[in-house]
Amino acid sequence: MPLEEQHDCFHPICSLAELQQHGRIVRTIEDRPILVLWTDDGVVALDPQCPHQHVHSLDRGTVACGEITCPNHGWTFSLRTGRARIGSGRIRLFAVRINDGTVEVALPEHQPRWMQS
Ligand code: FES
């Protein structure tokens, strides 16, 4: 199942035009920082926390060739799979969609399953 079909609750982040103008935007949704990028492959949303030292550094990362590189020590992650090409671990990617010109991001539920019904 495609990632964007697994979530019902999408949160508006910004307009697509604003994202295209700035290239990247950081927003906080439900106390969670979200980094949204405009890339050659379209819109990508991720947690800006680098798995190396668990600091929010990827919002200052370099984006090229479908990857993001942390400015601190150069760990590099695929923006398609989240997996590290340099370093180890993976970044967390979020489902994203464009709805009537607005970039929307879906976050995983915080509640345990028994509380969701
Ligand atoms: S903190 Fe990101 S590579 Fe070290």
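The values are calculated or read from the model by the stated rules, or taken from the named source; none is laboratory data. The structure presented is a predicted model; accordingly, all values stated were derived computationally and were not measured. Because the Cβ atoms are built from the backbone with ideal geometry, glycine has one as well, and the counts that use them run over all protein chains shown.
Residues in the range 66-76 that are assigned to a loop (DSSP other than H, G, I, E, B) and either aliphatic (A, V, I, L, M) or within 16 Å of the ligand (Cβ to nearest atom) (or both): 6 in all. For the range 47-59, check the following and say yes or no: at least one residue is within 22 Å of Cys9 (Cα to Cα), free of Cβ contacts under 8 Å to residues at least 24 places away in the same chain and touching a Pro at 6+ places or on another chain (Cβ under 9 Å). Looking through the range 47-59, at least one residue is within 22 Å of Cys9 (Cα to Cα), free of Cβ contacts under 8 Å to residues at least 24 places away in the same chain and touching a Pro at 6+ places or on another chain (Cβ under 9 Å).
Scanning the range 34-59 for residues that are under 14 Å from the mean Cα position of the chain (by Cα) and exposed (fewer than 15 other Cβ atoms within 10 Å of the Cβ) yields a count of 3. In a residue-by-residue description of the range 89-103, the property of being within 24 Å of Phe10 (Cβ to Cβ), among the charged types (D, E, K, R) and assigned to a strand (DSSP E or B) applies to at least one position. Screening the range 1-65 for strands (runs of 3 or more DSSP E) wholly inside it with 2 or more residues that are modelled with pLDDT of 95 or more, more than 16 Å from Pro108 (Cβ to Cβ) and more than 16 Å from the ligand (Cβ to nearest atom) returns the ranges 10-15, 24-29, 32-39, 42-46.
The set of residues in the range 72-84 that are surrounded by 13 or more Cβ atoms within 10 Å (Cβ to Cβ) and over 14 Å from the mean Cα position of the chain (by Cα) comprises Asn72, Trp75, Thr76, Ala84.
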